[in-house]
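The values are calculated or read from the model by the stated rules, or taken from the named source; none is laboratory data. Computed from a predicted model, the values in this text were never measured in an experiment. Glycine gets a Cβ as well: all are built from the backbone with ideal geometry, and neighbour counts include every protein chain shown.
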Amino acid sequence: MSIHLAVKQKWAAGTKGEFKSSVGEKVYTVFNYTFFTLMGITTLFPFINLIAKSFSSEEAVISGRVGLLPVGFQFGTYGYVLQDAMFLNSLKISILLTFIGTLLSLLLTTMTAYPLSKVRLRGRKGLLLMFIFTMLFSGGLIPTYLLMSNLNLVNTLPVLFLPGMVNVFNMLILKNYFEGLPDSLEESAKLDGAGNIRILISIVLPLSMPVLATIALFFAVAFWNDYFASMIYITDPGLKPLQLYLKELFVASGGEFLKDNVDAALNTTPQSIQASSILLATIPILCVYPFLQKYFVKGVLVGSVKG
């Protein structure tokens with residue numbers, strides 16, 4: 001009782017302003033806020049420069065006079081990019097790939113994580129070791145390509161999401177979250193006659209929305225940013241996603257890129273076209289990110305507490 005009373009008195013003193021931080025703690029806090037604020041501002045400089053180039057005139061971009069503000073304001077580059085059939089087709093492919101891949105990956109990852117979260121599952125430890133082994137070691141690029149080729153998946157859209165539908169790291173986060181849910185909820189549902197599928201859909205998934213939203217965002221960002229898989233498996237121009245389009249845009253020379261549009265070649269530069277394309281490519285994922293960001297801390301931390 002005496003210890004409890006002392007703690008209460010110390011807390012009360014702190015609420016009255018008598019419990020103050022030391023000088024060292026204040027200096028440390030100010031240093032942290034200053035350092036990370038400057039670091040955040042520094043990371044924004046390249047992005048701001050891209051925005052400035054996308055709105056700047058041809059002469060300003062070529063002469064290197066564009067810094068953090070546009071010089072010779074214009075919208076012509078965005079008009080050119082939005083009229084480019086290859087850009088619009090690649091954007092459509094990326095949106096379709098991200099939507100289908102995220103939906104199927106989340107479904108399959110959930111169906112894998114839920115049984116593995118049950119201690120009563122026979123062979124659970126062996127299955128977990130098998131999944132972790134595949135996370136640490138892979139078959140290699142050439143065997144994977146030969147497998148996709150033998151399955152006739154090369155130059156098809158499924159080849160871009162089927163090989164990575166179950167991410168073991170995401171599955172373990174989801175499994176740990178499921179393990180943290182009270183067993184009494186499932187036991188009560190079983191007493192009412194609910195089966196495993198009904199329990200998963202009606203009880204477990206509604207309680208797991210934070211971690212599901214977090215995992216969905218992980219999958220969406222991964223599918224949206226991936227260009228390596230399409231570079232390996234896709235040669236059909238009509239199936240190239242947006243990131244591969246941007247990669248080819250950066251390695252192409254200015255003459256090649258603007259040769260089909262004389263007006264654009266006279267009024268724009270490859271640098272401004274590249275900047276406009278990058279900015280337009282970030283808009284879809286930026287529209288999704290703010291709605292799911294609030295689940296990051298709650299979903300990831302809770303799902304990673306237990307091992």
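What residue, of LEU160, LEU153, is in the same structural domain as SER277 (by TED's automatic domain parsing), surrounded by 19 or more Cβ atoms within 10 Å (Cβ to Cβ) and either of a type in the set (A, V, I, L, M, F, W, C) or in contact (Cβ under 8 Å) with a residue 12 or more places away in the chain (or both)?
Numbers: LEU153 fails: surrounded by 19 or more Cβ atoms within 10 Å (Cβ to Cβ).
The conditions single out LEU160.
Filtered by the rule that a residue be modelled with pLDDT of 80 or more and over 10 Å from GLN271 (Cβ atoms), the range 43-65 gives THR43, LEU44, PHE45, PRO46, PHE47, ILE48, ASN49, ILE51, ALA52, PHE55. Of the residues LEU88, LEU97, the single one that is touching a helix residue (DSSP H, G or I) at 6+ places or on another chain (Cβ under 6 Å), assigned by TED's automatic domain parsing to the domain that holds LEU244 and of a type outside the set (D, E, K, R) is LEU97.
Checked against the criterion of being under 22 Å from the mean Cα position of the chain (by Cα) and either aromatic (Phe, Trp, Tyr) or exposed (fewer than 13 other Cβ atoms within 10 Å of the Cβ) (or both), the candidates PHE99, PHE133 yield just one match: PHE99.
For the range 167-238, please list each of the helices (runs of 4 or more DSSP H) lying entirely inside it that holds at least 2 residues being under 26 Å from LEU151 (Cα atoms) and of a type outside the set (Lys, Arg). Step through it out loud before you land on a result.
On the way: elements: 168-179, 183-191, 196-199, 209-225, 228-233.
Once the helices (runs of 4 or more DSSP H) in the range 167-238 are filtered for at least 2 residues that are under 26 Å from LEU151 (Cα atoms) and of a type outside the set (Lys, Arg), what remains is 168-179, 209-225, 228-233.
Looking at the structure I just gave you, is ARG122 loosely packed, with under 14 Cβ neighbours inside 10 Å, assigned to a loop (DSSP other than H, G, I, E, B), assigned by TED's automatic domain parsing to the domain that holds ASN155 and modelled with pLDDT under 90? It would help to see each step written out before you state the result.
Working: loosely packed, with under 14 Cβ neighbours inside 10 Å: yes; assigned to a loop (DSSP other than H, G, I, E, B): yes; assigned by TED's automatic domain parsing to the domain that holds ASN155: yes; modelled with pLDDT under 90: yes.
Against the criterion (loosely packed, with under 14 Cβ neighbours inside 10 Å, assigned to a loop (DSSP other than H, G, I, E, B), assigned by TED's automatic domain parsing to the domain that holds ASN155 and modelled with pLDDT under 90), ARG122 qualifies.
If only residues of the range 68-81 that are hydrophobic (A, V, I, L, M, F, W, C) and surrounded by 14 or more Cβ atoms within 10 Å (Cβ to Cβ) are counted, the one that is nearest to SER56 (Cα to Cα) is VAL71.
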